[in-house]
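The values are calculated or read from the model by the stated rules, or taken from the named source; none is laboratory data. What you see is a predicted model; the values in this text were computed from it and never measured. Using ideal geometry, Cβ is built from the backbone for each residue, glycine included, and neighbour counts are taken over all protein chains shown. Side chains are part of the model used for accessible areas, which takes the heavy atoms of the whole protein and leaves out ligands, DNA and RNA. Shrake-Rupley method; radii C 1.70, N 1.55, O 1.52, S 1.80 Å.
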Amino acid sequence: MNDVVLLLGGTGRTGTRVMEELLNRGVSVRAIVRSESRVRADLASHPGLDLVQADIASLADDELRRQLADCTAVVSCLGHTLTLRGIFGPPRDLVADTVARVRRAAERVRPEVPIRFVVMTSVSVNRPGRADVRRGAGERFYLWLVRGLAPPASDNQRAADVLAGSEPPALEWVVVRPDALVDDDRSDYRLHQEIVDSLFRPDTSHFADIAHFFADLVTDEEVWRRWRGRMPVISSVR
Ligand SMILES: NC(=O)c1ccc[n+]([C@@H]2O[C@H](COP(=O)([O-])OP(=O)(O)OC[C@H]3O[C@@H](n4cnc5c(N)ncnc54)[C@H](OP(=O)(O)O)[C@@H]3O)[C@@H](O)[C@H]2O)c1
């Protein structure tokens, strides 16, 4: 059976690069998109792409389960649109709610081999149980403020918390934490177990590097085994 990857957020800046990378590697992609017209034109007609036009935030649980049933992996590049409505309007828990629903759907599908779930969050996300190096007081205050003022920041943390410390038999996960996103090509990117830079001195994560790592995760057994159940920080090398 051909592997199918379910891609969420495939019309976004990172999601588009992930879609391109997966298709270039010969992986079949099923993308749930709000509007097919937002899919990059040269990718939209790719024979390996199956487009499902629906809003993941309001997609019925049964339908999500149906779309997931034949997939070996799910990749989420969902993020709040950077507009006033996207940041402060509903759904405030877009990422966390979707992660919880994918997890439930996987449990209902009961796949023979656990479904791989790769979730894009941010370097602002903390590993639970204070597993990361402790951030400085200024940074902790800044995060507290940002999470209080901008719902998307806390949404990413909640999404990670949904998965952290658990591994239901139906689903294995990796939560990827990029730093400042930059639209740039591949570099010899580095993967870190924990936070390496201050939020005040951000590193960069190229879209192309993130896409490469995500595609490795869903296609390469060794890469998956290395990072499964972890929250790697990805930083590009200039
Ligand atoms: N900005 C940074 O420097 C930075 C750094 C690290 C991590 N991140 C995180 O990286 C993630 C992705 O970033 P990005 O810049 O690639 O995102 P993006 O370009 O804004 O794309 C967001 C994706 O989510 C979809 N989406 C947004 N609101 C939705 C809703 N209400 N319902 C359904 N789908 C919705 C968008 O669909 P449409 O095309 O239909 O709008 C799009 O496919 C975000 O979680 C962000 O927090 C960002």
task = Compute the acute angle (0 to 90°) between the alpha-carbon long axis of helix 94-109 and the principal axis of greatest extent of the alpha-carbon atoms of the chain; round to the nearest 10°.
result = 40
Inter-site label distance for residue 62 and residue 139 at 7 Å from Cα along Cβ, in nm = 4.8
key: Charge dipole magnitude, Cβ of K and R +1, D and E -1 - region 1-59, Cα centre, debye nearest 20   = 160
note = Counting only DSSP loop positions in region 1-71, the trypsin sites (Lys or Arg not before Pro) whose Cβ has at most 10 other Cβ atoms within 10 Å are none
key: Full-stretch length increase - residue 131, residue 25 - with 0.36 nm per residue and alpha-carbon distance subtracted   = 34.7 nm
ask   = DSSP beta bridges in region 147-237, what fraction antiparallel, as a percent rounded to 5?
value = 40
message = Amide H of residue 174 versus every other amide H placed in the peptide plane: which residues, excluding those fewer than 5 positions away on the same chain, fall under 5 Å?
response = 117, 118, 119, 229
ask   = Any idea how far the Cα center of region 10-68 sits from the one of region 167-238, in Å?
value = 21
ask   = Treating the beta-carbon of each Lys and Arg as +1 and of each Asp and Glu as -1, no other charges, what is the dipole magnitude of region 4-235 about its Cα centre, to the nearest 20 debye?
value = 700
query = Once Lys and Arg get +1 and Asp and Glu get -1 on their Cβ, which of 18, 175, 71 lies farthest toward the positive end of the dipole of the chain?
reply = 175
request  = Just the number, please: carbon plus sulfur as a percent of the accessible area of region 4-235, 1.4 Å probe, no ligands or DNA/RNA counted.
outcome  = 49
task = Taking the Cα centre of region 91-203 as origin, work out the dipole magnitude from +1 charges on Lys and Arg Cβ and -1 charges on Asp and Glu Cβ, in debye rounded to 20.
result = 500
inquiry  = Show me the GluC sites (Glu not before Pro) within region 97-181 that DSSP assigns to loop and that have at most 10 other Cβ atoms within 10 Å of their Cβ.
reply    = 112
task = Enter the mean projected area of the convex hull around the alpha-carbon atoms of region 4-235, in nm², rounded to one decimal.
result = 12.0
request  = Would you mind checking the tilt of helix 13-24 against the longest principal axis of the Cα atoms of the chain, expressed as 0 to 90 degrees and rounded to 10?
outcome  = 40
inquiry  = Please compute the per residue accessible area over region 4-235 with all protein chains in place, 1.4 Å probe, rounded to a whole number of Å².
reply    = 48
query = In degrees, nearest 10, range 0 to 90: what is the angle between the Cα axis of helix 207-219 and the longest Cα principal axis of the chain?
reply = 60
remark   = The summed charge of the residue 115 Cβ neighbourhood (under 15 Å; Lys/Arg +1, Asp/Glu -1) stands at +3
Cleavage-rule hits (trypsin sites (Lys or Arg not before Pro)) in region 97-153: DSSP loop, at most 13 neighbouring Cβ within 10 angstrom = 134
task = For region 145-238, just run the numbers: alpha carbon Rg, then divide by 2.2 N^0.38 Å, N being how many residues it has.
result = 1.14
inquiry  = Which of 153, 131, 105 ends up with the largest GNM mean-square fluctuation for the chain, with Cα atoms connected below 10 Å?
reply    = 131
request  = Answer with one residue from 58, 165, 223: the one whose Cα lies farthest towards the positive end of the charge dipole of region 4-235, charges on Cβ with Lys, Arg +1 and Asp, Glu -1.
outcome  = 165
task = Using only alpha carbon pairs under 8 Å that are at least six residues apart, calculate the relative contact order of region 4-235 and give it in whole percent.
result = 21
Å³ per residue enclosed by the Cα convex hull of region 142-188 = 143
ask   = In the chain, what % of DSSP beta bridges are antiparallel (nearest 5)?
value = 10
